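J.: Structure incoming, see below.
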Amino acid sequence: MSDTPINLDDLRQRIDQLDGDILRMISERASCAQQVAHVKLAQDKDAVFYRPEREAQVLRRIMALNKGPLDSEEMARLFREIMSACLALEQPVKVAYLGPEGTFTQQAALKHFGESAVSLPMAAIDEVFREVEAGAVNYGVVPVENSTEGVVNHTLDTFMDSSIKICGEVVLRIHHHLLISETTRKDKVSRIYSHPQSFGQCRKWLDAHYPHAERVPVSSNAEAAKLVKTEWHSAAIAGDMAAKLYGLERIADKIEDRPDNSTRFLIIGNQDVPMSGEDKTSIVVAMRNQPGALHDLLEPFHRHKIDLTRIETRPSRTGVWNYVFFIDFKGHRDEPGVAAVLEEVRLRASELRVLGSYPQGVL
Ligand SMILES: C=C(O[C@@H]1C=C(C(=O)O)C=C[C@H]1O)C(=O)O
């Protein structure tokens with residue numbers, strides 16, 4: 001290329017030009033999104049501006065179009081923030097999450113909705129459900145399973161008593177650090193605070209490095225980080241957000257036993273989400289207490305070649321719910337194959353509830 005700028009001044013001039021172009025285009029995009037909002041309002045005065053399936057499609061398209069040098073996830077993250085800002089221009093999304101501030105659930109909420117969303121901490125999983133049910137917020141974010149420690153039973157149980165729908169999922173890589181405050185005496189750590197799930201995810205590391213420290217379970221990692229501020233002989237296990245929020249120093253990084261440690265969170269809401277092209281469906285099914293019940297339940301999935309991604313059993317809490325299974329599978333309830341399976345399962349089960357069909361996590 002003969003016109004390639006080669007010196008620093010030329011390169012900076014080119015960057016200024018490009019920034020001007022990007023600025024104009026982002027502004028034009030924001031105007032388009034504003035117009036979309038007006039069209040939606042004209043069709044329905046209670047219209048929801050945020051569309052999970054459309055956002056998933058936008059991000060997937062960007063990832064497919066991207067040719068580098070930035071990697072596709074990084075590029076999608078930038079577009080995630082552009083969309084979040086465009087949407088906030090009309091109506092910021094209000095999201096309740098399992099708090100307090102600084103938890104991985106807040107990180108998951110911001111990863112999914114972008115930094116322009118308004119995120120509100122709740123003290124318990126049921127409260128997140130209640131806020132969404134009451135319409136005080138648009139969506140909620142709750143943890144549902146961790147790759148090391150397994151399912152978050154409380155979230156599954158709460159679905160049994162609720163009419164809430166699943167509108168999305170987000171997977172977060174979980175990195176834990178050992179944190180201390182300025183008052184902690186590094187060589188005298190005799191007590192470590194964390195959430196029980198995090199102790200589970202760092203068990204081997206703790207056994208090797210702090211076999212004699214007392215492990216004190218608390219309600220969240222952020223709570224652990226807060227407690228450390230006041231005690232000279234304590235440390236906490238928590239993530240980056242909590243470390244930053246409470247100004248703690250990391251004395252050991254990424255102490256989780258498995259490098260691929262990740263947690264899946266669900267986005268809950270009051271809305272049925274249309275197809276995005278790559279979707280998942282979650283159902284809860286009660287079977288009668290009889291031999292072969294589980295086989296009868298799974299057989300239609302096998303016959304229709306539906307890909308199951310998860311199955312959990314929970315004890316039932318009423319007479320009808322003898323066995324309760326939570327099942328996730330690929331596909332959307334509006335796809336003919338999935339609709340056929342759901343019909344068959346409905347005939348065999350004593351109760352079936354579709355918790356939602358939603359876009360598979362993109363980022
Ligand atoms: C613009 C729209 O509304 C919102 C904003 C989007 C965007 O900025 O691309 C995408 C989906 C919606 O959350 C739309 O529905 O297309």
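J.: Do you know which residues across the stretch 47-65 are touching a residue at least 12 places away in the same chain (Cβ under 8 Å), away from the ligand (no atom under 11 Å from the Cβ) and out of contact with any Pro (no Cβ under 9 Å at 6 or more places or on another chain)?
T.: Across the stretch 47-65, the qualifying residue is only Met63.
J.: Got a number for residues in the stretch 263-299 being surrounded by 17 or more Cβ atoms within 10 Å (Cβ to Cβ) and either touching a residue at least 60 places away in the same chain (Cβ under 8 Å) or basic (Lys, Arg) (or both)?
T.: 18
J.: Does Asp16 qualify as being of a type in the set (Asp, Glu) and either assigned to a helix (DSSP H, G or I) or more than 16 Å from the ligand (Cβ to nearest atom) (or both)?
T.: Here the answer is yes, as Asp16 does meet what is asked.
J.: So, one more: Show me the strands (runs of 3 or more DSSP E) found entirely inside the stretch 215-296 where at least 3 residues are over 24 Å from the mean Cα position of the chain (by Cα).
T.: 249-252
J.: Further question: Can you pull out every residue in the stretch 19-46 that is within 14 Å of the ligand (Cβ to nearest atom) and assigned to a loop (DSSP other than H, G, I, E, B)?
T.: Asp44
J.: Go through the stretch 86-185 and tell me which strands (runs of 3 or more DSSP E), entirely inside it, have 2 or more residues that are over 22 Å from Ile283 (Cβ atoms) and under 17 Å from the mean Cα position of the chain (by Cα).
T.: By residue number, 94-98, 118-122, 165-173.
J.: Further, regarding this structure: Could you list all residues from the stretch 50-71 that are of a type in the set (D, E, K, R) and under 21 Å from Pro274 (Cβ atoms)?
T.: Hits for the stretch 50-71 are Arg51, Glu53, Arg54, Glu55, Arg60, Arg61.
J.: Here is a further query. What are the residues in the stretch 66-84 that are more than 26 Å from Phe129 (Cα to Cα) and near the ligand (Cβ under 10 Å from one of its atoms), if any?
T.: Scanning the stretch 66-84 gives Phe79, Ile82.
J.: OK, next. Under the condition of being small (Gly, Ala, Ser) and within 20 Å of Val171 (Cα to Cα), which residue from the stretch 59-78 is surrounded by the fewest Cβ atoms within 10 Å (Cβ to Cβ)?
T.: Ala64
J.: Also, I was wondering about something else. Given the conditions (1) away from the ligand (no atom under 16 Å from the Cβ); (2) over 25 Å from Val170 (Cα atoms), and given that Ala96 satisfies all but one, which numbered condition is not satisfied?
T.: That leaves (2) as the condition not met.
J.: Could you look through the stretch 99-115, keep only residues that are of a type in the set (Gly, Ala, Ser) and away from the ligand (no atom under 14 Å from the Cβ), and pick out the one that is surrounded by the fewest Cβ atoms within 10 Å (Cβ to Cβ)?
T.: If we take residues in the stretch 99-115 being of a type in the set (Gly, Ala, Ser) and away from the ligand (no atom under 14 Å from the Cβ), then Gly99 is surrounded by the fewest Cβ atoms within 10 Å (Cβ to Cβ).
Values quoted throughout were computed directly from the atomic coordinates according to the rules given, and no laboratory measurement underlies them. From a predicted model like this one, the values you see are computed outputs, not experimental measurements. With ideal geometry, Cβ positions are generated from the backbone for all residues, glycine too; neighbour counts draw on all protein chains shown.
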